[in-house]
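Encoded as structure tokens, the structure appears first; notes follow it.
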Amino acid sequence: MTSKILKGRYQIKRHLGKRAGQRTLLAWDQQSQKFVVVKLLTFSSDLTWETFRLFEREAKTLRKLSHPAIPGYLDYFEIQTDHGKGFALVQSYINAPSLEEYLKAGRIFSETNLKQIAKAVLEILIYLHNCHPPIIHRDIKPGNILLTNRSGAHVEQVYLVDFGSVQAAAVEQGTITVVGTYGYMPPEQFGGRAVAASDLYSLGATLIYLASGQHPADFPQKDLRICFENYVSLSPSFIDWLQWMTQPSLERRLASASQALQVLENPQPQHHQSLILKKPAGSKVVLTKNHDFIQIFMPSQCSSIELLWIVGFAISWNVGFFMNFLKAIRNWSSGGWIEAFFLLVPLGIGLGIILCILFCLFGGVELKIDHHKISLKYKIFGCEYQRPRPATRHKIFKLKYKKNTESTFGELMIFAGRKTFTLGDNCSLSPTEIDWLADELSNWLKLPISQDNQII
């Protein structure tokens, strides 16, 4: 077929690749005087309906995309071949080797190179996932990422190609089509489901391959997780990030390309991404979670010294209050209403102290986050008080904890808009409980944890 001219315009120069029912060709566009890539789909015995559907979808997807790191759509037309009728998709040609070709040629990628490639691909994914509906690539791998001339420690332009497996997430929800490449596909994609985080898994697996030279499927696994840590020479923070990217569970994986880029550029000091902490032994905190909500109930845990101090103060205060109360009644009956009123003011303070004692003995704090809102409630004897007022879930932007360097307690804070929901200020949390709850919230909210070890 070499030298054949399609549509009186595209002169075929050589074959670039072939798979079932499809051929990829390099051609010369006689009109624009540029090289182009022509993908041919011909109706033959090995053509399936799914292949045809994916081919048409690739053409439609490329037609509406416009990004300097994605091949541009040029043409789409019917053809007549020796094997019968077919279709041709023409796109711009990118003269650059793939990461797969670089690796086979013996190139070694440093951690700096890997991070530059990761950032470049994440920026492309941010563009794709922000389309309406979001575009899921579904086949990110070393062979589908091109890299122009690479020199020294600097990586040049990165391109993402081959959109033959793309899925419009909002439109194809529930599809059972399994598309992708073994070793780079997350578990949910084997079940026919793909979301934005699926592309993150594939990118993470690609970077692991570049760092180790070993195919992701060849690594040992534990609970479906790729155990690559002992086969690469990378910094702990970058290993953590790759582990977070390739978490088998969607709930524990980074949720979006923008979040993945943020964490990559601002590594967290703690390896919470790779380790799901367990509830500390002896903790009275009750944590309940599922896909729809996470709920944390903390019974009040005043220390015996704190409780004795409060009770002692309450007794001395209320003895004095009782004497004032009797005096106020006498003044009231004799007409000294104003003096009686001010003598009754300590009543409110005394009741407040009693409530503090009751809360320390029988109360608790409940934090609940679902898909709609976050709320923090103080509960005692079936009554509850909310402080601050609930905030909408989408306003949550930061998770932070403080460890008191002068005691054994700390605080865990969730920032939602202008509101701060704090755990540990009224119910003491030990450092191990703080670590555990911070880890659980981080994975459920898919938010990184920031840490403050200053004195609080």
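The values are calculated or read from the model by the stated rules, or taken from the named source; none is laboratory data. As the structure is a computational prediction, the values presented were derived from the model and not from experiment. In this analysis, Cβ positions are derived from the backbone assuming ideal geometry, glycine residues included, and neighbour counts consider all displayed protein chains. For the accessible areas, the whole protein counts, side chains as well, though only heavy atoms, and no ligand, DNA or RNA atoms are used. Shrake-Rupley method; radii C 1.70, N 1.55, O 1.52, S 1.80 Å.
Across the stretch 134-175, what is the total count of residues that are surrounded by fewer than 20 Cβ atoms within 10 Å (Cβ to Cβ), farther than 29 Å from residue 213 by Cβ and modelled with pLDDT of 85 or more? So the count comes out to 1.
In the stretch 244-299, the residue that is farthest from the chain's Cα centre (by Cα) out of those that are small (Gly, Ala, Ser) and modelled with pLDDT under 90 is 282.
In the stretch 48-134, counting only helices (runs of 4 or more DSSP H) that sit wholly within it, the ones holding 1 or more residues that are without any contact (Cβ under 8 Å) to a residue 12 or more places away in the chain and more than 27 Å from the chain's Cα centre (by Cα) span 49-64, 99-104. Cβ-Cβ distances below 6 Å connect the following pairs, each with a first residue in the stretch 286-307 that is small (Gly, Ala, Ser), a second residue that is at pLDDT below 85 and outside any strand (DSSP E or B), and a separation of six or more residues or different chains: 300/359; 300/360; 300/363; 300/427.
Let's see how each residue does on (1) surrounded by fewer than 16 Cβ atoms within 10 Å (Cβ to Cβ); (2) touching a Ser or Thr at 6+ places or on another chain (Cβ under 6 Å); (3) among the hydroxyl-bearing types (Ser, Thr, Tyr); (4) farther than 30 Å from residue 123 by Cβ:
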site: 70; (1), (2), (3), (4): no, no, no, no
site: 73; (1), (2), (3), (4): no, no, yes, no
site: 78; (1), (2), (3), (4): yes, no, no, yes
site: 92; (1), (2), (3), (4): no, no, yes, no
site: 105; (1), (2), (3), (4): yes, no, no, no
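The number of residues in the stretch 39-56 being out of contact with any helix residue (DSSP H, G or I) (no Cβ under 9 Å at 6 or more places or on another chain), at pLDDT 85 or above and open to solvent by less than 50 Å² (accessible area, probe 1.4 Å) comes to 2. Pairing residues of the stretch 21-32 that are at positive phi and small (Gly, Ala, Ser) with residues that are open to solvent by 10 Å² or more (accessible area, probe 1.4 Å) and assigned to a strand (DSSP E or B), at Cβ distances under 9 Å and at least 6 apart in sequence or on separate chains, gives 21/42. Criterion applied to 242, 200, 210, 234 was being crowded, with 20+ Cβ neighbours inside 10 Å and free of Cβ contacts under 8 Å to residues at least 40 places away in the same chain, and the one residue passing it is 242. When the stretch 213-231 is filtered for residues that are part of a loop (DSSP other than H, G, I, E, B) and crowded, with 18+ Cβ neighbours inside 10 Å, the ones remaining, listed by number, are 219, 228.
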